[in-house]
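The following block contains the structure, expressed as structure tokens.
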Amino acid sequence: MQYMGVYVVVMRWLLWLWVVCMSVSAQLHRFEHPVVKTDDSLSFLAVGDWGRRGAYNQSLIAHQMGIIGEKLNIDFVVSTGDNFYKTGLTSVNDPKYPESFTQIYTAQSLQKQWYIVLGNHDYRGNALAQLSPVLRKMDSRWLCLRSFLVNTKIADFFFIDTNPFVDKYWSNPKHYKHDWRGVVPRQRYLSTLLKDLDFALRNSTANWKIVVAHHTIRSVGHHGDTQEIVDQILPILEANNVRAYINGHDHCLEHISSPKGQIQFLTTGGGSKAWKGDLSRLNQGGYEFYYDGQGFLSAQIRPTDAEFAFYDVSGRVLHRFNISNSKGLHSSI
């Protein structure tokens, strides 16, 4: 009987692993998030590059997120990846999970659904651990998949795994081995994801289309533009009326608008350690705002307009701007 129990556990694990691996050829998994506010508005916070067991001001950022989250009555939280430093999780039992997530984001306003993508540091560990439903059983807020779609009444959110697009992670991984289980063969993965993203965006009838990923498209920070994402994903966003692209990767806060103002590129990678003084390309077109320090982003989405704001470690508003539901219209405050 004891061996039978072990056999059942192993078979369940293998079945789950098969589902994860086969998901490379499936359409984006879809979730429905109910909007309960009477005015049909939606609000959320977005933070990235945070998982350091509270160090490098992660705990202070979490505290301010709790205050702003309560003030805005947020519906959920978005994580733009690099959830656990420096090498992701080793397993579903890694203590970094409670010590960097559950025990840090304790404010009542943050006890909402968290929608999470993987960053490059997450791929340096056991990437499948972060995708495992076991973590959600430990903390029901945790929802992390490679790529997925969240529907709300007013907006559709497209969460995209951008890590496999970056060539150097495959050709020059340096000292880190990436966990590509469920991603290889690479070209099939990328082709399927691009097709599914385009299909989902074209068939969305939401007032607002917002894409969330880890890697930058436009950035004046340390990493700058991610050329593979510019070449392969940006044309799909431009063709499908996406209004905002929210990412991490650069450990800063920044806002760059596309030439016609259609897409707002919003970097929120200041969840813990920042890179003081590491910036360049300030003459890049569409440059609106840059802050080389810790912080996070808030968004309030309404049928006719959306307001975004960046906050620092003390909760001070650094940059606030509004975009209209009519393409190309936005104003900064």
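The values are calculated or read from the model by the stated rules, or taken from the named source; none is laboratory data. In this text, all values refer to a predicted model and were calculated from it rather than measured experimentally. All Cβ positions, even for glycine, are placed from backbone atoms using ideal geometry, and neighbour counts span all protein chains on display. We work out accessible area using only protein heavy atoms, side chains counted, and drop any ligands, DNA or RNA first. Shrake-Rupley method; radii C 1.70, N 1.55, O 1.52, S 1.80 Å.
Just to be sure, is GLY51 more than 21 Å from ILE154 (Cα to Cα) and either in contact with a His (Cβ under 8 Å, 6 or more places away or on another chain) or part of a loop (DSSP other than H, G, I, E, B) (or both)?
In short, yes.
Before we move on, is SER109 in contact (Cβ under 8 Å) with a residue 12 or more places away in the chain, farther than 23 Å from ILE217 by Cβ, in a helix (DSSP H, G or I) and not hydrophobic (A, V, I, L, M, F, W, C)?
Against the criterion (in contact (Cβ under 8 Å) with a residue 12 or more places away in the chain, farther than 23 Å from ILE217 by Cβ, in a helix (DSSP H, G or I) and not hydrophobic (A, V, I, L, M, F, W, C)), SER109 qualifies.
Hey, among the residues in segment 195-244 that are in a loop (DSSP other than H, G, I, E, B) and of a type in the set (A, V, I, L, M), which one's modelled with the lowest pLDDT?
VAL220
Related question: Let me confirm something: among ASP250, ASP231, which residue is open to solvent by 10 Å² or more (accessible area, probe 1.4 Å) and not basic (Lys, Arg)?
The match here is ASP231.
Name the residue that is farthest from ARG146 (Cα to Cα), counting only residues in segment 200-226 that are surrounded by fewer than 17 Cβ atoms within 10 Å (Cβ to Cβ) and more than 20 Å from the chain's Cα centre (by Cα).
So, considering only residues that are surrounded by fewer than 17 Cβ atoms within 10 Å (Cβ to Cβ) and more than 20 Å from the chain's Cα centre (by Cα), the one farthest from ARG146 (Cα to Cα) is THR205.
To continue, here is another question. Of all residues in segment 19-72 being surrounded by fewer than 16 Cβ atoms within 10 Å (Cβ to Cβ) and small (Gly, Ala, Ser), which is modelled with the highest pLDDT?
Among them, the one singled out is ALA55.
What are the pairs, 6+ residues apart or on separate chains, where a residue within segment 137-164 that is crowded, with 19+ Cβ neighbours inside 10 Å has its Cβ under 9 Å from a residue that is assigned to a strand (DSSP E or B) and among the acidic types (Asp, Glu)?
LEU149/ASP156; VAL150/GLU32; VAL150/ASP156; THR152/GLU32
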